[in-house]
Amino acid sequence: MIELMAELGEGYSLDMMLVTTPGNKYFEELKHRIKGMKNVRIIPPVHPDEIIETCSEYDVGLYLMEVNDSQNRYCLPNKYFEFLYAGLPVITSFSEDMRYFTDKYGVGMSFGQESVKQIAEQVRQLTPIKLQQYRDAIKKHVVSLNVTNNIKTNFPELLDNKSD
């Protein structure tokens with residue numbers, strides 16, 4: 001995500017909200033990496049009950065992951081749904097599951113293994129009209145994107161079936 005902001009430049013900004021412990025090596029590396037970047041900042045975390053409200057103040061939810069051999073290819077993180085429940089169009093990469101839902105419901109832009117440069121080219125083409133189309137799709141579909149419906153669709157045997 002930091003590389004994308006470097007590619008996009010000053011017309012775009014990224015706020016990262018990270019929960020960490022003092023002296024966390026990864027957190028320190030991130031701070032060092034963004035030093036001098038005017039379009040990336042780390043903001044203080046908020047209480048979990050305030051995440052969706054806080055996210056709703058932004059334009060887009062960005063969740064880009066490195067291409068690697070880990071389980072990330074099939075992840076569907078809570079942050080993805082927090083963005084949607086906040087009404088944010090999403091921009092995702094690498095996760096096949098995030099890509100599936102993003103494309104199926106038309107709630108944003110999804111990428112597989114495209115380069116940061118390719119993603120930046122597409123982001124630059126976003127228009128206010130397209131962002132509104134994504135927001136409209138979110139309003140239409142977000143109510144069905146919950147655990148209960150996921151169980152009904154994918155694991156119906158887990159439901160309490162009182163007809164037996």
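Calculate the length of the line joining the C-alpha centroid of the range 1-31 to that of the range 61-132, in whole Å. So the separation of the two Cα centres works out to 17 Å. The sum of -39500 (n - 2.57) across all DSSP H runs of n ≥ 4, divided by the residue count of the chain, sets its helix-only mean residue ellipticity at 222 nm to -12000 deg cm²/dmol. For I42, the amide hydrogen comes within under 5 Å of the amide hydrogens of M16, counting only partners 5 or more places away or on other chains and with H modelled in the peptide plane.
Amide H contacts of G108 (H built 1.01 Å from N, in plane; Pro and chain starts excluded): V90 sit under 5 Å, all sequence-distant by 5 or more or on other chains. With θ taken as phi - 60° and the Karplus curve 6.51 cos²θ - 1.76 cosθ + 1.60 applied, the whole-hertz 3J(HN,Hα) list for the range 72-79 is 3, 4, 10, 8, 9, x, 4, 4 Hz, x standing for glycine and proline. Split the accessible area of the chain by element, probe 1.4 Å, and carbon with sulfur accounts for 51%. What number comes out for the charge environment of Y74, summing +1 per Lys or Arg and -1 per Asp or Glu over other residues with Cβ under 15 Å away? Net charge around Y74: -2.
Among rounded, prolate and oblate, which fits the range 12-65 when a ≥ b ≥ c are the square roots of the eigenvalues of its C-alpha gyration tensor, a/c under 1.5 means rounded, and a/b larger than b/c means prolate? Oblate. The gain in end-to-end length when the S115 to F27 segment is fully stretched comes to 29.3 nm, 0.36 nm per residue minus the alpha carbon separation. Derived scalar couplings between HN and Hα for the range 109-121 equal 10, 10, 10, x, 10, 5, 6, 4, 4, 5, 5, 4, 4 Hz in order, rounded to whole Hz, by the Karplus curve 6.51 cos²θ - 1.76 cosθ + 1.60 (θ = phi - 60°), x for Gly and Pro.
Applying 1/(1 + (r/R0)^6) with r as the Cβ-Cβ distance of Q125 and T20 and R0 = 41 angstrom yields a FRET efficiency of 0.75. Indicate the gyration tensor shape class of the chain (rounded, prolate or oblate), computed on the Cα atoms with a ≥ b ≥ c the square roots of the eigenvalues: a/c under 1.5 is rounded; otherwise a/b larger than b/c is prolate and the rest oblate. Prolate, because a/c is 1.5 or more and a/b exceeds b/c. Entry comment: accessible area of the range 59-149 is 56 Å² per residue, from protein heavy atoms only and a probe of 1.4 Å.
The values are calculated or read from the model by the stated rules, or taken from the named source; none is laboratory data. Keep in mind that what you see is a predicted model, and the values were worked out from it rather than measured. Because the Cβ atoms are built from the backbone with ideal geometry, glycine has one as well, and the counts that use them run over all protein chains shown. Keep in mind that these areas ignore ligands, DNA and RNA; they rest on the heavy atoms of the full protein, side chains included. Shrake-Rupley method; radii C 1.70, N 1.55, O 1.52, S 1.80 Å.
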